[in-house]
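Undergrad: Take a look at this one; I'll ask things after.
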């Protein structure tokens, strides 16, 4: 079927080009696309733990995605070809080989109605209740396959609905789940007062239903029948989720709220037993900013952003039997700052679907032109119901999971030079996040800095440094990176991250000595195509992208990447 659709797609391209070849440019079809290819050559290094299947057996892997889109007269045709050759991307401990059509779509706009059949990505509200999306560099693709309708009631209100199944998981990327998921969402915009003088409100509400298939229900019942009588329950075929959200904006002030609730269903608890639970997830955030503040001869500005979230048993997957990142339908991103530096991003706080309370606040202050100060504070704790046991009372109490204190100062020394200095402190409950009971809570202190110097003809260089100090996990690290732009389209980077004060737990498979993780990178851009070649070593740890985190093994080898738009 997929190959048949591909042939139809190619035939349509040639046919429409021929039919409309003599018409004006506005009626001509538009063809576009992009390619991403990632080739890795693995160089085994047992000292850092780079010894998974791809190092022992395959030694090389390729991941590629070719996206093609054709538009003509309100029609849109999309095909994406995916290829995985000996790839550890879907399962870091294994190697996956398969190829085929990973995404296909036909879309047509009919006045106020937008019709989509095939694959699609969608999000309701913040995505806590439902979000289908892709993070290909983490091996994640939660595309839905079915039918979706969007209807524009008027210029301010739209309603959309779908019925579909989720595409294949990490075991079979080109298959699809057997569970049917349906949803409807209405969203609109209301001006308050004449012409919105009192502000504006964006409102929305959603409903989602997932139905289990008979095979999944049989597996679930078989597991529950093995429980003690006090732990048994009757699982349900259908799950229902609801949400309502609103955002009020006026000038430089914005306040958003969202409430999500779900009907009782079987979810996997911390004791690896299924339980029948309903759930909820509440989210709020507000932001405010003000400029033109007089401070002597200077004009200052300030911005504030605060967000908080409460999660209680809000697990939403294609089936209760799915684990880790498989089958996710709801989206619980980390409630903490998304750091980019190598050591600052080493410890992250993935959202805890069984329960957490989190808050994050950031202040951006510009006391004068060319100077910026950022302060970020975040804190996440478990709910008392799934916290730790109090040794005195014997009751469960909330447990601290994560906290971060971050300050950064960016100052323009001159037109050519910019300097950044900062400090980060983190508390990371490694035992809870990584299911390692004997591990201690990681407390880090990380000063960091960056110097950027611009030269003539688009040349520049950037020096970046960090030092992470902790007595736990793998110990303390230092990182130094030099990046040089030789031309606007040519850059070279050289760096090294060293485990300068090592610490090891018994379960760690890395050498108990000072370890170096060097990196070398060269990147070249030719029009709309970017090439990169890198040699690097990377320690085992949690890798995050777009707020989604997963544990990844150590990497040692050569990486070649091509990214092109056409």
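The values are calculated or read from the model by the stated rules, or taken from the named source; none is laboratory data. Keep in mind it's a predicted model, so treat the numbers as computed, not measured. Here the Cβ is made from the backbone with ideal geometry for all residues, glycine too, and neighbour counts use every protein chain on show.
Undergrad: Which fully enclosed strands (runs of 3 or more DSSP E) of the stretch 79-175 have 3 or more residues being surrounded by fewer than 20 Cβ atoms within 10 Å (Cβ to Cβ)?
TA: Per the criteria, 96-110, 113-120, 144-152, 157-166.
Undergrad: Do we find a residue being loosely packed, with under 15 Cβ neighbours inside 10 Å and outside any loop (DSSP other than H, G, I, E, B) anywhere in the stretch 502-517?
TA: Yes, that holds for at least one residue.
Undergrad: Also: Checking residue 330 against (1) surrounded by fewer than 17 Cβ atoms within 10 Å (Cβ to Cβ); (2) within 17 Å of the chain's Cα centre (by Cα); (3) farther than 29 Å from residue 422 by Cα, which test does it fail?
TA: Every condition holds for residue 330 apart from (1).
Undergrad: Can you name every residue in the stretch 487-500 that is more than 30 Å from the chain's Cα centre (by Cα) and either surrounded by fewer than 15 Cβ atoms within 10 Å (Cβ to Cβ) or not in a strand (DSSP E or B) (or both)?
TA: Answer for the stretch 487-500, where residues must be more than 30 Å from the chain's Cα centre (by Cα) and either surrounded by fewer than 15 Cβ atoms within 10 Å (Cβ to Cβ) or not in a strand (DSSP E or B) (or both): just 487.
Undergrad: Checking residue 210 against (1) loosely packed, with under 14 Cβ neighbours inside 10 Å; (2) within 19 Å of residue 319 (Cβ to Cβ), which single condition isn't satisfied?
TA: (1)
Undergrad: Those residues that are under 30 Å from residue 269 (Cβ atoms) and outside any strand (DSSP E or B), I need them from the stretch 359-390; list them, please.
TA: Answer for the stretch 359-390, where residues must be under 30 Å from residue 269 (Cβ atoms) and outside any strand (DSSP E or B): 382, 383, 384, 385, 386, 387, 390.
Undergrad: Give the stretch 39-78 a look and list any residue that's at negative phi, surrounded by fewer than 20 Cβ atoms within 10 Å (Cβ to Cβ) and not in a strand (DSSP E or B), or say none.
TA: Matches in the stretch 39-78: 43, 44, 46, 47, 51, 53, 56, 57, 58.
Undergrad: Against the definition (within 27 Å of the chain's Cα centre (by Cα) and crowded, with 17+ Cβ neighbours inside 10 Å), how does residue 528 come out, yes or no?
TA: Here the answer is no, as residue 528 does not meet what is asked.
Undergrad: In addition: What about residue 556, is it closer than 19 Å to residue 41 by Cβ and either modelled with pLDDT under 95 or crowded, with 18+ Cβ neighbours inside 10 Å (or both)?
TA: yes
Undergrad: What number of residues within the stretch 455-482 satisfy the criterion of being in contact (Cβ under 8 Å) with a residue 24 or more places away in the chain and either out of contact with any strand residue (DSSP E or B) (no Cβ under 9 Å at 6 or more places or on another chain) or over 22 Å from residue 348 (Cβ atoms) (or both)?
TA: Count: 6.
Undergrad: Now a separate question. Got a sec? Which of 284, 216, 249 is surrounded by 14 or more Cβ atoms within 10 Å (Cβ to Cβ) and within 23 Å of the chain's Cα centre (by Cα)?
TA: Matching residue, one of 284, 216, 249: 284.
Undergrad: Residues in the stretch 263-278 that are surrounded by 17 or more Cβ atoms within 10 Å (Cβ to Cβ) and in contact (Cβ under 8 Å) with a residue 60 or more places away in the chain: how many?
TA: 1
Undergrad: Moving on to the next point. Conditions first: (1) assigned to a strand (DSSP E or B); (2) on the phi > 0 side of the Ramachandran plot. Residue 520 passes all but one, so which condition is the exception?
TA: With respect to (1) assigned to a strand (DSSP E or B); (2) on the phi > 0 side of the Ramachandran plot, residue 520 is out only on (2).
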